[in-house]
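Peer 1: First the structure, then my questions, so here it is.
The values are calculated or read from the model by the stated rules, or taken from the named source; none is laboratory data. The structure presented is a predicted model; accordingly, all values stated were derived computationally and were not measured. Every residue, glycine among them, receives a Cβ derived from its backbone with ideal geometry; neighbour counts consider all protein chains shown.
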Amino acid sequence: MRYVREEYQEGEPHEGTLLTFFFDIPYFPPCGVFPPFHLLNQFLASGGSPGGMGPGATWEPFSITEPEYANLKDALKSATLEQIKPHARYAWFLPIFDPSLDHIELYRAWILAVGQKHRDRWRKDLSDFHASRRML
């Protein structure tokens, strides 16, 4: 997998696995909830974003197959942050899956539904994470 880690200066191409790639995208997954197959492919087709006021990630638009998604999902469920951290910038949390939202057809609508359902939990997780880092 080849993509660009967009930083405050010109980003350089970076190579990683599909697994670590998702931990190099700022603000992904929304509220820590990994998208279902059909919505992940909508997101991958976007090619990412260079960021703006902060870092981003860009890639050539692509899609994955259902068997690749199943393998990715298994890898996400069995991975540890210690395995991912050396290879990606944002390996702070492992994602969760919420099949109750899988019926949503459009990625943007799914993001809104994820925010409504998971925002409070996500904010608490972030607050706890930052508090634990201050104690180190």
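Peer 1: Mind counting the residues in region 42-69 that are closer than 22 Å to L81 by Cα and either surrounded by fewer than 13 Cβ atoms within 10 Å (Cβ to Cβ) or among the charged types (D, E, K, R) (or both)? It would help to see each step written out before you state the result.
Peer 2: The first filter runs over region 42-69 and keeps only residues closer than 22 Å to L81 by Cα, leaving 55-57, 68-69.
After this cut, where a residue has to be either surrounded by fewer than 13 Cβ atoms within 10 Å (Cβ to Cβ) or among the charged types (D, E, K, R) (or both) as well, the list is 68.
The total comes to 1.
Peer 1: Further question: Being free of Cβ contacts under 8 Å to residues at least 60 places away in the same chain, β-branched (V, I, T) and more than 15 Å from P29 (Cα to Cα), is that true of even one residue in region 92-113?
Peer 2: no
Peer 1: Also, I was wondering about something else. Suppose the filter is touching a Leu at 6+ places or on another chain (Cβ under 8 Å), closer than 29 Å to S132 by Cβ and not charged (D, E, K, R); does L19 pass it? So that I can check it myself, show each step before the final result.
Peer 2: Values: touching a Leu at 6+ places or on another chain (Cβ under 8 Å): yes; closer than 29 Å to S132 by Cβ: yes; not charged (D, E, K, R): yes.
The answer is yes for L19.
Peer 1: Of the conditions (1) surrounded by 14 or more Cβ atoms within 10 Å (Cβ to Cβ); (2) at pLDDT below 95, L39 fails just one. Which one is it?
Peer 2: (2)
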